[in-house]
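Read-outs throughout are calculated quantities, based only on the coordinates presented, and are distinct from any laboratory measurement. Quantities reported herein were computed from a predicted structural model and do not represent experimental measurements. Heads up, the Cβs are rebuilt from the backbone with ideal geometry, glycines too, and the neighbour counts pull from every protein chain shown.
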């Protein structure tokens, strides 16, 4: 038989197939993956919208414009393909503690006319970190702190919480961490380890579950995401201790157990999660809701995870892009931001980035 000797053919195949390095995954590459339920799921296409973000934290969108908060103290604005980093002038100096900085950011419902937004940030006072919620006014191409709505939220080296969203009821919901002081999550007089609810002027709503209190729910360790379904049911993501991360259905006045229970543990008067990661770690951050599914950014899990409320299945719809900090669903599009520049990831060229994916192609 003429041609390449068999031993040379073997060596060629071995060299090309077995010894060559695996290529880096392309953003728009589709491949098969295995979800947490053992089912095969497809890696979806993700289109890059924005690059060179600096520790981004929150995505906001109005019309075709994006506003993205950066933990380092800026707001990035994107419109018609043009990106601009806008200055934010705050009343206090940002804390340099890990996980701290300019965190939650939400545009006022009437932003187009009022030019107002709300922000949650960590600052230092006499060497002690604190968190506060303030309103910002955008004028003369810069953001400026206008009014303090709530101050003195516990802070520490870690567990700042920080996510904010305006609910279907028009109230501002604010999530706070336990500042690595487990016990304060169960203390009603403390604002730490809670989900808070306030009017947009900073006052306490008269229909809050506890009289004269911002507290909407308690017993949280380090919640990170908020989302509502079409019926007004609120959901939240939460970091657990050494795994046991959670997705919770939040009800007003309820206690979600930290530090008294974790994972699937139960105790009278305490709420257990809809989903929990067991011995795995997701480190879920921002979340959003679409068609009976909660989509969650996962930091340690390095994915966008889908939690199917009816089937209870969990799968990754995006992976291979590193740490993911926040998600936003607008129409049939899923937007998400990577967070590889936060000191815990491995930045790639152009990181961090804002991506878009068509949910109809799932």
Scan the range 281-289 and give yes if some residue there is out of contact with any strand residue (DSSP E or B) (no Cβ under 7 Å at 6 or more places or on another chain), surrounded by fewer than 22 Cβ atoms within 10 Å (Cβ to Cβ) and closer than 26 Å to residue 181 by Cβ, otherwise no. yes
Residue 96 fails exactly one of the following numbered conditions: (1) closer than 19 Å to residue 177 by Cα; (2) within 16 Å of the chain's Cα centre (by Cα). What is the number of that condition? (2)
Go through the range 290-317 and give me each residue that's surrounded by 19 or more Cβ atoms within 10 Å (Cβ to Cβ) and assigned to a loop (DSSP other than H, G, I, E, B). 299, 301, 302
Tell me yes or no: at least one residue of the range 340-361 is in contact (Cβ under 8 Å) with a residue 60 or more places away in the chain, assigned to a strand (DSSP E or B), over 17 Å from the mean Cα position of the chain (by Cα) and surrounded by fewer than 16 Cβ atoms within 10 Å (Cβ to Cβ). yes
